[in-house]
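What follows is one structure encoded as structure tokens, with my remarks underneath.
Derivation of every value follows stated rules applied to the coordinates shown; laboratory data play no part. Computed from a prediction, not measured in an experiment: that's the story for all the values here. As a convention, Cβ positions derive from the backbone with ideal geometry for all residues, glycine included, and neighbour counts pool all protein chains shown.
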Amino acid sequence: MYTGLQHLHSYMTYLVLLGLLVSLAVAFGGMFGNKPFADKHRKLSLFGLIPAHLQWVIGVILYFVSPLGLSNFSGEAMGDSVSRLYILEHPLTMIIAVVLITVGYSRAKRQIGTEKGFKSIAIFYALALILILIRIPWNAWPNN
């Protein structure tokens, strides 16, 4: 089960990145096209939100069942950069990224009919994408 979850978590990253890129493309297109943020744009921004939340749930499960996660937490492990990445840096950064995505979506859905919805999606999703890209463990991805 652990190996299956690990592979699912690795390959699901492609879906998260694709969803965020689609959502950002729609947001930037709307911003620069001077269009009002409509319900169809809100629904398209779900392509970034839903995979990120699913990925987060899988990641939380992995954190508790993985030998690299919570069970490895110690002062000694904090001295090792790889252990620190899996114990603290990756999970914390991804939590922040998912929170940013959620805040961006929540703000945007209240701004239907204005141009501000696109700006909320663009800013928050872009910040989340940057955080995700800098904390993916590239050395172990996708062959965990």
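Side notes on the structure shown:
- Between Leu92 and Phe28, residue separation times 0.36 nm minus the direct Cα-Cα distance comes to 20.3 nm.
- Label-to-label distance for Leu18 and Val99 is 3.0 nm, based on points extended 7 Å past Cα in the beta-carbon direction.
- Measuring how big the range 42-144 is from its alpha-carbon positions, Rg and Dmax come out at 15.9, 53 Å.
- The helix-based estimate of mean residue ellipticity at 222 nm for the chain, built from -39,500 (n - 2.57) per DSSP H run of four or more residues and divided by its residue count, is -25000 deg cm²/dmol to the nearest 500.
- Intensity falloff of the range 1-81 expressed as log10 I(q)/I(0), Debye formula with alpha-carbon point scatterers, at q = 0.26 Å⁻¹: -1.12
- Highest mean packing first, where packing is the average number of other Cβ atoms within 10 Å per residue, the peptides 47-59, 4-16 line up as 47-59, 4-16.
- Mean separation of Cα pairs under 8 Å and 6 or more residues apart, divided by the residue count, gives the chain a relative contact order of 34 percent.
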